[in-house]
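The block underneath contains the structure these notes are about, expressed in structure tokens.
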Amino acid sequence: MAELIFQSVFSGLLTGAYYGLIALGMALVFSTTRVVNLAHGELVLLAAYVSYQAETTLGLGPLLAIPLAGAVVVVAAIATMQLVALKSRDREVASLLITFGIGIILTNGMVLVWSADFRSTQARWYIEPAPLKALPAMNGEVLFFAITGVLVVVLWWWLNRTWYGRALRAVASNRVSAGLLGIRPRRTELLAFVVAALLATIAGGALYATRAIEPPMGGPLTTKAFVVTVLAGVGSMPFLLAAALLIGVVEALTAALLSPALQDVATMVVFLLVLFALPTGLSGLAGRKVVS
Amino acid sequence: MTTRFIAAITVSILGLLPVAPARAAELKVGVHDAITGSMGQSGVAMDQGLRVAVEMFNRKHREHRAVLISINDESDPAKAVAAVEKLVGQGIQLVGGGFGSNIIGPASEAAHKAGVPYLTGGSLGAGLSRRGYKDFFRVISDDAYSRAIAGVLGDIGVKSVSILHVNNDPCTVVADGVERLLSARQVKVTKHAFESKTPDFKPIVNRVKLQDRPEAIVLLAYEPDYIGIMSAVRLLKPQVKAVVAAWSVATAKMAKEKPDLFAGVMGTTGFPFPVQFSDAEATEAASYYRQAFNKEPDHTVFVGYMLGTVMFDVLRRAADAGKLNDRAYILEQVRKTRLATMYGQVQFNAAGDNDAWSLMVGQHQNGAIPIVWPAKGATGKLKLPAVPY
């Protein structure tokens, strides 16, 4: 039993880090722009499909395909931002409808371009066992877990130690005041979309490297990212990661100890319990409300 | 006088003409297919199979012309209902198609209300047949999958089995069937239901490995799930004699793209890979499919083909009897169907299910999938342990 629990917790941490990578982009955009990007999961999936295309036509593995996928996803994210920007009134509600529509367009576009068939990497290394004796994991999972860790540190440093990062936080705190201080809110918001797109690209690479992909996957990815974001409480990177890891571990332990069919139920129970105790999410533990 | 003469000549000339064939009837079948949406992959394959059926019917029956009117239901039950209503409104006398019980249920109900027979090859949900509709028919049968899986495991002689299945109606029905058949052979069965597209299967497989410790694992799911589960199985290496899956594993796509992941794994199928057909019709249909769609036909394609063949055959009989617009006659002809298609026998029981249909079991072996069960139709020898490690 101890072995099962130990290995399940480890699996849960790997999956949770992956959820965190997806949610990070969505949370960054929401904190800065108040836009709930319901097409974020589709952007992750788009990156995965571009990785597939790069593999089949150029022979690039999921890791090497990231720059190419990044270019495509950044363009798609900027287009999303521009469309959302057309609607300046009731932005939060309007963004829901616009990005939901963009998500549908992206999903159907992926069906048209890559068909409804599932795709998965032909690069065997990514699904081979990682050299971790007691901890079962695939090379791809461990690699992208490590990349996620590095990205989190880099992102934290960027948000706290660079001018652009601080500008982003300033816009997140108060858009009008940030403008009075010489920060261009529109440009900063665009920057948030670009950074989120790059995070989505890495998540898409991880997705393609370790799982089979198909066009309808985007919606569930968005849902998961949304749950993580709300559970964490808006605007807190460490709590966002904590929420993602918590969901990953809860899912894994539920599958191992109760029933695999109850994974989503267990996640929602934890979600509701946390929000009942901490209405602002996990970040309520520290009382923080800014991106840091 | 002149007029009478001309009339007489005309009648004589007409009398000398050879008897013209009966006017070619247009046999219109209406289907809703999940071309996009969550069931898109299977829906496309089903639709392609139906199109092959149209082509093959038109080649074989020059006296009629088969026409397929297909509407994309986007894997959405409401759109499937709207599609059926639209087809019925266009005067189509035989409708069907669909993929997934949650879509086929309401769609067939709409057809039932309109009094139009509905045929499908996309549902294993036994609950649909239990509704008591006399105009609902399934060309496939969940029992065929259960019998094949339980049959091969019984012959291997395993004493315990873990079944990992998606928690939807079709997979649960087949899981229950396998459990019933294996329990009758005193085999211990443990079932684990899960949500399709679970992101990480390692905890589930680990549970099977460390707690169930079965001699065989049965998988009832869909392609992305199979890849996830087999990745976990290869990683954790549970000590089992065999892994057997239902649909979508013993396929050309898996043999070509994932030969390592599925090496040794068995799956239900109707033919080996590379495809070897004994009859000319099957060879011709497969050849046409490759030419039209540039890939190898798979199980779902052939189920679509079987469905289309049955539907057009029913309308052909109705047309020959001059009752193409007689719904009662068409329904009677569906019930009377006794058709040996290249993908199996079609003969509906009182509930509208095709009990006569059966499946075989193939095993991934060095990039090929020979039939290894039953012995009668085997094209290769079963290799144990049937696992990729």
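The numbers here are math on the coordinates, done by the rules we state, and not lab data. Quick caveat, the model's predicted, so the values are computed rather than measured. Using ideal geometry, Cβ is built from the backbone for each residue, glycine included, and neighbour counts are taken over all protein chains shown.
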For chain A, set up a Gaussian network in which alpha carbons nearer than 10 Å are linked by springs, and say which option among A:GLY103, A:GLY70, A:GLY59 fluctuates the most. A:GLY59
Regarding chain A, what's the average projected area of the Cα-atom convex hull, expressed in nm²? 15.6 nm²
Of B:GLY125, B:GLY267, B:GLY322, which has the largest mean-square fluctuation in a 10 Å C-alpha GNM of chain B? B:GLY322
Where nothing but the Cβ of Lys and Arg (+1) and of Asp and Glu (-1) is charged, how large is the charge dipole of chain A around its Cα centre, in debye to the nearest 20? 1200 debye
No solvent, one uniform scatterer per C-alpha: report log10 I(q)/I(0) for segment A:135-228 via the Debye equation at q = 0.14, 0.26 1/Å, two decimals. -0.67, -1.30
Chain B: angle of helix B:101-114 to the longest principal axis, Cα-based, in degrees nearest 10: 30 degrees
Distance from the Cα centre of segment A:1-29 to that of segment A:165-243, in angstrom? 17 Å
Please determine, in degrees from 0 to 90 and to the nearest 10, the orientation of helix B:280-293 with respect to the longest principal axis defined by the Cα atoms of chain B, where the helix direction is its Cα long axis. 80 degrees
Note the angle between two axes, namely the Cα long axis of helix B:77-89 and the longest principal axis of the Cα atoms of chain B, as a number of degrees from 0 to 90, rounded to the nearest 10. 20 degrees
Considering only C-alpha atoms, what is the centroid distance from segment B:242-301 to segment B:82-152, in Å? 24 Å
Dmax and Rg, reported as Rg then Dmax, of segment B:80-187 (C-alpha, Å): 16.9, 55
Relative contact order (%) - chain B, alpha-carbon pairs under 8 angstrom, separation at least six: 18 percent
Report the Stokes-Einstein translational diffusion coefficient (µm² s⁻¹, integer) for segment A:70-128, Rh taken as the Kirkwood radius over Cα pairs, at 4 °C with viscosity 1.567 mPa s. 94 µm²/s
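Over the Cα atoms of segment B:135-203, compute the convex hull volume and normalise it per residue, giving Å³.
Working: hull volume 7.2 nm³, N = 69.
Spelled out: Cα convex hull of segment B:135-203, divided by residues, is 104 Å³.
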Convex hull of Cα atoms in the protein assembly as shown, direction-averaged projection (nm²): 37.7 nm²
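Checking the a/c ratio against 1.5 first, then a/b against b/c, what shape does the Cα gyration tensor give for segment B:178-229? Each step should come with its number before you reach the end.
Numbers: a/c = 2.73, a/b = 1.60, b/c = 1.71.
In terms of gyration-tensor shape, oblate.
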Cut-off 10 angstrom, C-alpha nodes, Gaussian network model of chain A. Which of A:SER31, A:SER120, A:SER236 fluctuates the most? A:SER120
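Quote the relative contact order of segment A:198-292 in percent (integer), defining contacts as alpha-carbon pairs under 8 Å separated by 6+ residues. Each step should come with its number before you reach the end.
Details: 76 pairs, mean separation 30.3, N = 95.
This gives 32 percent for segment A:198-292.
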Rank these for me by crowding, B:HIS112, B:HIS64, going from fewest to most other beta carbons within 10 Å. B:HIS112, B:HIS64
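Kindly provide the Kirkwood hydrodynamic radius of segment A:1-156 in Å, to one decimal, from all pairs of distinct alpha carbon atoms. Mind dumping the intermediate values first?
Values: mean 1/r = 0.0572 Å⁻¹.
17.5 Å is the Kirkwood radius here.
Taking Cα pairs under 8 Å and at least six residues apart, what relative contact order does segment A:1-72 come out at, in percent?
Values: 36 pairs, mean separation 13.8, N = 72.
Once divided by the residue count of segment A:1-72, the mean separation gives 19 percent.
Report the Stokes-Einstein translational diffusion coefficient (µm² s⁻¹, integer) for segment B:197-255, Rh taken as the Kirkwood radius over Cα pairs, at 10 °C with viscosity 1.306 mPa s. Walk me through the numbers before you get to the answer.
Working: Rh = 11.8 Å.
Stokes-Einstein gives a translational diffusion coefficient of 135 µm²/s.
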Here the residues of segment A:183-224 lying in the modelled label zone of A:ARG166, meaning backbone nitrogen under 15 Å from a point 7 Å along Cα-to-Cβ, are A:183-184
Determine, for B:LYS258, B:LYS188, B:LYS202, the number of other Cβ atoms within 10 Å of each Cβ, and report the residues in order from fewest to most. B:LYS188, B:LYS258, B:LYS202
Which order do the peptides B:329-337, B:204-212 come out in when sorted by mean C-beta neighbours inside 10 angstrom, highest first? B:204-212, B:329-337
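How would B:ILE371, B:ILE104 line up from fewest to most surrounding beta-carbon atoms within 10 angstrom? Don't jump to the answer; show the numbers that get you there.
Working: B:ILE371 23, B:ILE104 27.
By the 10 Å Cβ count, ascending, the order reads B:ILE371, B:ILE104.
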Work out, in µm²/s and without decimals, the Stokes-Einstein translational diffusion coefficient of segment A:72-230 at 37 °C, 0.692 mPa s, Rh from Kirkwood over C-alpha pairs. 182 µm²/s
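Where the convex hull is taken over the Cα atoms of segment B:249-345, what is its projected area averaged over directions, in nm²? All intermediate terms of the calculation are to be shown ahead of the outcome.
Values: hull surface 30.6 nm².
Averaging across all directions leaves 7.6 nm² for the Cα convex hull.
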Separation of the B:ALA24 and A:LEU135 label points, Cα + 7 Å toward Cβ, nm: 6.9 nm
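Just from its helices, what would the mean residue ellipticity at 222 nm be for the protein assembly as shown, if runs of 4 or more DSSP H residues each count -39500 (n - 2.57) and the sum is divided by every residue, rounded to the nearest 500 deg cm²/dmol?
Mean residue ellipticity at 222 nm (helix-derived): -18000 deg cm²/dmol.
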